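Trainee: Structure provided below as structure tokens; questions to follow.
The values are calculated or read from the model by the stated rules, or taken from the named source; none is laboratory data. For clarity, every value in this text was computed on a predicted model and none was experimentally measured. Heads up, the Cβs are rebuilt from the backbone with ideal geometry, glycines too, and the neighbour counts pull from every protein chain shown. Surface accessibility is based on the protein's heavy atoms, side chains included, excluding ligands, DNA and RNA. Shrake-Rupley method; radii C 1.70, N 1.55, O 1.52, S 1.80 Å.
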Amino acid sequence: MFDAVRRLFVNDLSIDLGTANTLVYVRDEGIVLNEPSVVAIRMDARGAKKVEAVGIEAKQMLGRTPTNITTVRPLRDGVIADYTVTEKMLQHFIRKVQKGRMSRPMTRVVVCVPYGSTQVERRAIRESVENAGARKVWVIEEPIAAALGAGIPIGEARGSMVVDIGGGTSEVAVISLNGIVYAESVRIGGDKFDESIVSYVRRQYNMLIGEATAERIKIQIGTAFPGHEVQEIDVVGRHLAAGVPRNFTMNSNEILDALQEPLSGIVKAVKQALERTPPELGSDVAERGIVLTGGGALLRDLDKLISEETGLPVIIADDPLTCVARGGGMVLDMLDRQSDFYSLD
């Protein structure tokens, strides 16, 4: 009864502050916002800066802005690269979430950060969220949130492995009894996939494409494992020698070749985690399999690649893109039950 009354006057949020996308989970409502972590900034004649657009609208401007407008991605490799812009972006997203709802104070916020982030980086994220209006902020590690959101029973005395592939980082963790036994964070993710495609096109075709085009190629025909079906896509880029736009066609085998370096980095991190996992927990992982979460898990046949390289079953979580945000929401429920499930910063 008390909890029901209390919820009328509070507004608890879980925020997955990602390099590529920011997701906001509102308690009792679910995911209410999923937008790119991009901000467009306009500079006036006096040199003053103001926010022109945030999220989806700002991403549509990437590579298409005049000289007085710049598009910024304030997070790089899972950490804040531009503190001021991140704060403005968070304020915009929180206002958007609050709009149309009963005027309730945003009391508690759980923010998910990469496992390898430093205390300085975590403090910067916490202060950004507090300055955006939160009264109390908890910072938790993404592998824990991802495992909870994927439905993994992390409280059992059995090992579970989760691989969370985001835009800036990939987190590999072995979890047991609500704690991380081993974890590794590598700065490889969706952004590195895009950069590899841009580099490949430049090297093989002498053409220059933007990151938005590289992302479209990755989503439509990207693959991590050789398949019988070869897909193709028409691409427009600028020829580096002629300096004019040209059309060309790429296929999925070329993208597979382009992604070899970042994919091998993820596989190496998974193998290293398996090597450093205690034998009893390793046998649990072999029995349960490896769970993939994050937007990178949507790359076609990535589960097949990791399964082939490790010899273990690999499962893609339901709705992998939202696992971290939903897991943060579950942490809010655990805080109410005063569970000692995990020590929060």
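Trainee: Within segment 76-94, work out how many residues are open to solvent by less than 40 Å² (accessible area, probe 1.4 Å), of a type outside the set (D, E, K, R) and in contact with a helix residue (DSSP H, G or I) (Cβ under 7 Å, 6 or more places away or on another chain).
Mentor: Total meeting the criteria: 4.
Trainee: Looking at (1) open to solvent by less than 80 Å² (accessible area, probe 1.4 Å); (2) closer than 30 Å to V174 by Cα; (3) aliphatic (A, V, I, L, M), find the lone condition where I219 falls short.
Mentor: Going through (1) open to solvent by less than 80 Å² (accessible area, probe 1.4 Å); (2) closer than 30 Å to V174 by Cα; (3) aliphatic (A, V, I, L, M) one by one, I219 breaks only (1).
Trainee: Specify which of the listed residues (E275, E254, E287) is within 30 Å of N206 (Cα to Cα), among the charged types (D, E, K, R) and out of contact with any Lys or Arg (no Cβ under 6 Å at 6 or more places or on another chain).
Mentor: Within the list E275, E254, E287, the selection yields E254.
Trainee: Oh, and also: Tell me which residues, restricted to segment 34-62, are surrounded by fewer than 19 Cβ atoms within 10 Å (Cβ to Cβ), of a type in the set (A, V, I, L, M, F, W, C) and in contact (Cβ under 8 Å) with a residue 24 or more places away in the chain.
Mentor: M43, V51, L62
Trainee: Could you tell me how many of the residues in segment 311-333 are over 14 Å from the mean Cα position of the chain (by Cα) and either in contact (Cβ under 8 Å) with a residue 60 or more places away in the chain or farther than 26 Å from E287 by Cβ (or both)? Walk me through how you get there before you give the answer.
Mentor: Initially, segment 311-333 is screened for residues over 14 Å from the mean Cα position of the chain (by Cα), giving 311-318, 329-333.
The next check asks that each one be either in contact (Cβ under 8 Å) with a residue 60 or more places away in the chain or farther than 26 Å from E287 by Cβ (or both); those that pass are 317-318, 329-333.
So the count comes out to 7.
Trainee: When you go through (1) open to solvent by 50 Å² or more (accessible area, probe 1.4 Å); (2) in contact (Cβ under 8 Å) with a residue 12 or more places away in the chain one by one for R73, which number turns out not to apply?
Mentor: Unmet condition: (1).
Trainee: What residue, among those in segment 268-301 that are in a helix (DSSP H, G or I) and closer than 22 Å to I219 by Cβ, is most open to solvent (accessible area, probe 1.4 Å)?
Mentor: L298
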